[in-house]
Amino acid sequence: MTFVPMTRRTLLSLTLTGAASLFTLPRRGQAAAHPRRVISIGAPVTEIVYALGGGAQVVAVDTTSRYPQQVDGLPHVGYMRTLAAEGLLSLSPDLILAQDGSGPATVLDQMAAAGVTVTLVPEVPTLPGLLDKVQLIARSLGLQDAGQRLGEQLRQQLTPLEQQASTSHGLRGQSVLCLVHAGQGGPMAAGGGTVADTLIHLAGGINALRDVQDYRALSAEAALAMAPAVLVVSASSVQQAGGLEALLALPQIARTPAAQQRRVAVVEGSLLLGLGPRTPQAVQMIATA
């Protein structure tokens with residue numbers, strides 16, 4: 001099998017432009033108990049903000065934040081990894097909620113130095129990680145009660161799936177391969193320790209690339225050897241390949257059982273790269289492929 005390493009940072013850039021502990025940056029100013037001007041950066045962060053009922057506090061989002069529909073009319077501050085201090089400051093925020101990895105770091109440092117609270121929200125691809133993320137964002141917005149409600153809702157939806165994974169529901173232990181990018185450079189697949197790996201597990205499947213951490217370029221030899229029964233592909237991958245049939249005809253994919261039997265789940269790219277309020281729906285889409 002041939003795998004070409006690729007960092008999570010590079011993969012996120014490719015996908016979203018085609019998608020531990022929780023901490024707050026040191027800052028000179030403190031956000032109000034109920035911040036009124038929030039910039040939300042990162043699709044999962046923005047979805048959680050709106051699910052908590054904090055949409056009225058949001059004055060801008062980044063270009064990866066495309067859901068819910070209410071964000072359509074908001075100003076964009078650019079791509080999450082190429083932010084500019086001038087654009088952020090022009091919106092007079094009192095809080096920036098940003099998915100970990102947003103930056104550059106120097107820009108976020110400038111915002112903190114200007115008295116803006118900057119809270120980074122790491123992506124920990126586990127159910128406890130998702131629940132912690134919800135609580136952090138809720139506290140930052142002054143919406144603790146809503147955070148408790150949303151956390152309990154997600155716990156009730158996902159805990160049974162986690163307990164039954166790979167045994168009695170969904171895909172029942174079948175091999176699943178997830179493609180998160182299919183553009184220039186060839187298909188990229190999600191390995192162990194990724195959000196996609198967690199979704200596959202919750203759907204009752206086994207990640208075909210689970211023994212390889214992070215994301216890897218996929219060769220035809222490797223895909224054929226893994227023989228996945230099911231393919232999970234991002235919607236952007238389908239677009240990059242020129243349509244679903246074109247994607248299934250790629251040399252790396254065409255001879256797999258999943259492609260030959262057309263067992264494919266097409267999932268919005270942001271759902272494969274960050275856990276959030278729509279994670280239960282993503283799991284259901286994969287489980288019924």
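FYI, it's all coordinate maths here, none of it is from the lab. Small disclaimer: the values here were computed from a predicted structure and weren't measured.
To the nearest 500 deg cm²/dmol, what mean residue ellipticity at 222 nm is calculated for the chain from DSSP H runs of n ≥ 4 alone, each contributing -39,500 (n - 2.57), summed and divided by the residues? When only DSSP H runs of four or more count, the value is -11000 deg cm²/dmol. A prolate overall shape is assigned to region 36-121, the ratio a/c of its alpha-carbon gyration tensor axes (a ≥ b ≥ c) being 1.5 or greater and a/b exceeding b/c.
Translational diffusion coefficient of region 79-145 (Stokes-Einstein, Kirkwood radius from Cα pairs, 37 °C, 0.692 mPa s): 258 µm²/s. If the segment from Ala114 to His34 were pulled out straight at 0.36 nm per residue, it would be longer than the present Cα-Cα gap by 26.9 nm. Return the label of the correct value of Cα Rg over 2.2 N^0.38 Å, as calculated from the structure shown, out of [x] 1.16; [y] 1.01; [z] 1.06. The value computed from this structure is option [y]. Separation of region 46-97 and region 134-198 by C-alpha centroid, Å? So the two Cα centres are separated by 23 Å.
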